[in-house]
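The values are calculated or read from the model by the stated rules, or taken from the named source; none is laboratory data. Quick caveat, the model's predicted, so the values are computed rather than measured. FYI the Cβ positions are ideal-geometry reconstructions off the backbone, even for glycines, and counts take in every protein chain you see.
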Amino acid sequence: MAEQRFYATGKRKTSVARVWLKPGTGHVTINNKPIDQYIDRETSKMVVFQPLALTGTFGKLDVLVNVHGGGVTGQAGAIKHGISKALLEYNPEFREVLKRAGFLTRDSRVKERKKYGQPGARARFQYSKR
């Protein structure tokens, strides 16, 4: 019989993370690299591990992630969202805990587009009476 794997997709800003969970020893691999090689910031690593720590599955599941787009912080948020959704596939009883923590809600904030005739999204050229 094939090994059991749980899949979900997470998104944040322009980052998209495809996440697979499988029973194991707690290895986290992002784009075929260990998490320590891929993510430098401790805060970003903490964000990635939040759903696992909250549900008590830290060290029990191996996490395989394929992520692209955006920056490091957006990718960490996308991975967190994907892990949270994959944990629901693994055990639906985690729904209440993850929902209360806000990990299942996709953070829809994205950069506002620049408008024509202006230097930025909200900025205006300086007004001069003369």
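Looking at segment 30-105, what helices (runs of 4 or more DSSP H) fall wholly within it and have at least 3 residues that are closer than 23 Å to LYS13 by Cα and touching a strand residue (DSSP E or B) at 6+ places or on another chain (Cβ under 6 Å)?
Hits in segment 30-105: 72-90.
Exactly one of (1) at pLDDT 95 or above; (2) over 21 Å from ARG109 (Cβ atoms) is unmet by PHE58. Its number?
(1)
Are any residues in segment 77-130 touching a residue at least 40 places away in the same chain (Cβ under 8 Å), of a type outside the set (Val, Ile, Thr) and within 19 Å of THR43 (Cα to Cα), and if so, which ones?
Correct list: GLY77, ALA78, LYS80, HIS81, GLY82, SER84, ALA101, PHE103, ASP107.
Restricting attention to segment 6-44, which residues are crowded, with 18+ Cβ neighbours inside 10 Å and either of a type in the set (Gly, Ala, Ser) or on the phi > 0 side of the Ramachandran plot (or both)?
ALA8, GLY10, LYS13, SER15, ALA17, SER44
Return the residues of segment 47-61 that are over 18 Å from LYS99 (Cα atoms) and surrounded by fewer than 13 Cβ atoms within 10 Å (Cβ to Cβ); say none if nothing qualifies.
Hit for segment 47-61 is GLY59, nothing else.
Conditions: (1) within 14 Å of the chain's Cα centre (by Cα); (2) in contact (Cβ under 8 Å) with a residue 40 or more places away in the chain. VAL72 meets all but one. Number of the miss?
For VAL72, the failing item is (2).
Mind checking which residues of segment 27-57 are closer than 11 Å to LYS80 by Cα and of a type in the set (D, E, K, R)?
LYS45, the sole residue that qualifies.
For the condition within 11 Å of the chain's Cα centre (by Cα), over 21 Å from GLN4 (Cβ atoms) and either modelled with pLDDT under 95 or aromatic (Phe, Trp, Tyr) (or both), what is the one hit in PHE49, PHE125?
PHE49
I'd like the full set of residues that are over 11 Å from ALA86 (Cα atoms) and either of a type outside the set (S, T, N, Q) or in a strand (DSSP E or B) (or both), limited to segment 1-26.
Taking segment 1-26 and keeping what is over 11 Å from ALA86 (Cα atoms), we get 1-4, 11-17, 23-26.
MET1, ALA2, GLU3, LYS11, ARG12, LYS13, SER15, VAL16, ALA17, PRO23, GLY24, GLY26, listed by residue number.
Quickly run through segment 62-102 and pick out the residues that are surrounded by 15 or more Cβ atoms within 10 Å (Cβ to Cβ) and small (Gly, Ala, Ser).
GLY70, GLY74, ALA76, GLY77, ALA78, GLY82, SER84, ALA86
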